[in-house]
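Novice: Sharing a structure here in structure tokens format.
The values are calculated or read from the model by the stated rules, or taken from the named source; none is laboratory data. Just so it is clear, the structure is predicted and the values come from calculations on it, not from any experiment. Glycine also receives a Cβ, built like all others from the backbone with ideal geometry; neighbour counts cover every protein chain displayed.
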Amino acid sequence: MDTDFWHRRWQRREIGFHNDEVHHFLQRFFPQLNLPQGAKVLVPLCGKSHDLLWLCEQGYQVVGVELSQQAVEEFCQENRLQPEIRAVDGFRCYQFERLSIYCGDFFALSEKQTGRVDAVYDRGSLVALPPKMREDYVRQLRQLLKTGNQMLCISYDFDQQQRPGPPFSVPQADLTELFADWCTLEKIHSESTLDRHQMLQAAEVQALQEEVYRLRIA
């Protein structure tokens, strides 16, 4: 991962990817995973997303992973949270009641930190990564997940020539290539959402489909 690139994005406040509200697709579609109370949900590249707290409010144990310490500290400040902070195997772990945020490189994460994981929520991880890094990302997920685990993935489909990433367009064909040999992949929703993405509008992207996928590890 190009750590300097992402640190600069946060330092320069180039965080158009951050959503000030809980993602409406998370609220609408995550319940379809039918996870039991207390299930553990992994949220890679979580930033300071409000989605983390929503997942906790549903009764899940949540493990977020974020490279930027600035993002994690802003999450704590903006939500008036007082975490217990400790060093864990090269990560800085911010511990709340039902939420652990590991500050460090997602690609260095292991089951030693996460423990048993039941599901993954990916709102902006795949679309943040160029093609080569997506392969590494999926390889890392494969090491952390077990048969029967599920994943809710929100992806974008737009003309990449109209705007270089990130975010990147990751259409269904690309997702199938990444996941089909070890997951079942089901598109459960597709919606035109360009009006909600000012950064892409400013880049004169003409059309954007935001798509929701449910995956299950076979």
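Novice: Tell me the residue from D51, D122, D118 that is in contact with a His (Cβ under 6 Å, 6 or more places away or on another chain) and at pLDDT 95 or above, please. Break it down stepwise before answering.
Specialist: Values: D122 fails: in contact with a His (Cβ under 6 Å, 6 or more places away or on another chain); D118 fails: in contact with a His (Cβ under 6 Å, 6 or more places away or on another chain).
Of the residues listed, the single one that is in contact with a His (Cβ under 6 Å, 6 or more places away or on another chain) and at pLDDT 95 or above is D51.
Novice: Pull up region 98-141, narrow it to residues that are of a type in the set (F, W, Y) and in a strand (DSSP E or B), then point me to the one that is surrounded by the fewest Cβ atoms within 10 Å (Cβ to Cβ).
Specialist: So in region 98-141, the residues of a type in the set (F, W, Y) come out as 102, 106-107, 121, 137.
Checking which are in a strand (DSSP E or B) leaves us with 102, 121.
Numbers: Y102: 25, Y121: 27.
Per the stated criteria, the residue is Y102.
Novice: Could you pull out every one of the strands (runs of 3 or more DSSP E) wholly within region 27-97 that has 2 or more residues that are touching a residue at least 24 places away in the same chain (Cβ under 8 Å)?
Specialist: On the way: elements: 40-43, 61-66, 84-88, 91-95.
Fully inside region 27-97 and qualifying: 40-43, 61-66.
Novice: Select from region 76-89 the residues that are under 24 Å from E111 (Cβ atoms) and either touching a strand residue (DSSP E or B) at 6+ places or on another chain (Cβ under 8 Å) or among the polar types (S, T, N, Q) (or both) and write down the one among them that is surrounded by the most Cβ atoms within 10 Å (Cβ to Cβ).
Specialist: Start the filter on region 76-89 by keeping residues that are under 24 Å from E111 (Cβ atoms), which leaves 83-89.
Retained after the next criterion (residues that are either touching a strand residue (DSSP E or B) at 6+ places or on another chain (Cβ under 8 Å) or among the polar types (S, T, N, Q) (or both)): 83-88.
On the way: P83: 17, E84: 9, I85: 14, R86: 10, A87: 8, V88: 14.
Top of the filtered list is P83.
Novice: If I ask for residues that are among the aromatic types (F, W, Y) and buried (at least 16 other Cβ atoms within 10 Å of the Cβ), which ones from region 144-201 would you list?
Specialist: Step one: filter region 144-201 for residues among the aromatic types (F, W, Y), giving 156, 158, 168, 179, 182.
The answer is Y156, F158, F168, F179.
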